[in-house]
Each structure stands twice: as C-alpha cells, then as structure tokens.
Amino acid sequence: MKKMLIAAIFTASALFAESFSWHETVRVIKSEPVYKTVTIRTPSEECWDEEVPVYDNGGDGTVGAVIGGAAGGILGHQVGRGGGKTAATVGGAIIGTLVGKNLSERNRQRPRYRMQRRCKTRYIEREENRFVGYKNIAHYKGHRIVKYSDEPLKYIDMTITVSY
C-alpha cells in the first residue's frame, strides 16, 4: 500500500512538471590548440645471406644395406669352396649388409652447406605530435564551459533548460 502511494506521488509530480528552454551565446575567452602524441611504426626489412647445413635425405640406410648385402653375398660365394660355399655366401651377405648400412648412414649424417637468403622485418618507432583541434573556453554564471572544435571559436552557442 505504501509503495502504491509513493508511485502515485511520483506519477502525479511527473504529470505536473514543467520546463522551458532558451538559447544564449557566450563569448570565448581563450582558444588553445590541442595536440596528441602518436607513435608511428615504420617497417624496415633486413636481409642477409647465411650458410645453412643440408642433410642428405637418403633414408635410413636400407638401400646401402641391400647393395652391401648383395655385394657381400657375391664375394662370399666366389671365395667359398665345397660345403663351405653356402656359409661363405651367407657370411659375406651379412657382413656386406652391415658395412653397406653403416657407410650409407655415415654419408647421410655429414652435412653439405648452401647459402640461403634470410630476412626479418623490424619496426622503427618514432613519436610525433599531431594536431587534433582547438579547446575553446568560456565562462557562464560562474561555470567554466569548454567546447572542442576544428577551428578557434569566437562564441559558444548554448541551450539552457529549466525544469521544475
């Protein structure tokens, strides 16, 4: 009930509230330029030639192992005599496989070098003051009025509204 009474009073006061407005012009007493500090970033590309290692992608040594195994088997077959011929062939193939794989992997781990062009973008920063506009200052009945504009003003137009 109390809340309804308060709401009714506010509604009634809003219905009977009045206001009026008028326009006035106030003389500007001071106009000063306004600057803003901005950071300007200019890109600059720096390039150089660099020697980089290149590793042979010859695989995992399988090709060397196959070739070495075949060569070792052929040599073992030619060296062996009689019943030991099979053992010499198998032994030669095993030793040839190990030697071929080892040689293939060792060659792969030794890098070659080539020249490669590398570039990096860097930014050169500098600060600069940029003109923003004018700050126009006036006084009206003891109050300081400030209005920003693109050019200095001689007067500031105001609308004054009184509500009661």
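The values are calculated or read from the model by the stated rules, or taken from the named source; none is laboratory data. Remember, it's a predicted structure, so these values are computed and weren't measured experimentally. Here the Cβ is made from the backbone with ideal geometry for all residues, glycine too, and neighbour counts use every protein chain on show.
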Residue in segment 43-56 that is farther than 30 Å from residue 130 by Cβ, at pLDDT below 75 and surrounded by 11 or more Cβ atoms within 10 Å (Cβ to Cβ) present: yes
Residue check for residue 32: under 30 Å from residue 147 (Cβ atoms), at pLDDT 95 or above and not aliphatic (A, V, I, L, M): yes
Single residue of 49, 157, 150 found to be under 30 Å from residue 18 (Cα atoms), among the charged types (D, E, K, R) and touching a residue at least 12 places away in the same chain (Cβ under 8 Å): 157
Residue 105, sole failed condition from (1) of a type in the set (D, E, K, R); (2) touching a Gly at 6+ places or on another chain (Cβ under 6 Å); (3) over 30 Å from residue 51 (Cβ atoms); (4) surrounded by 10 or more Cβ atoms within 10 Å (Cβ to Cβ): (3)
Members of segment 124-164 that are of a type in the set (Ser, Thr, Tyr) and surrounded by fewer than 10 Cβ atoms within 10 Å (Cβ to Cβ): 159, 161, 163, 164
Evaluation of residue 77 against (1) under 60 Å from the mean Cα position of the chain (by Cα); (2) surrounded by 12 or more Cβ atoms within 10 Å (Cβ to Cβ) (one fails), failing number: (1)
Residue match in segment 143-157 (condition: of a type in the set (Phe, Trp, Tyr) and modelled with pLDDT of 95 or more): yes
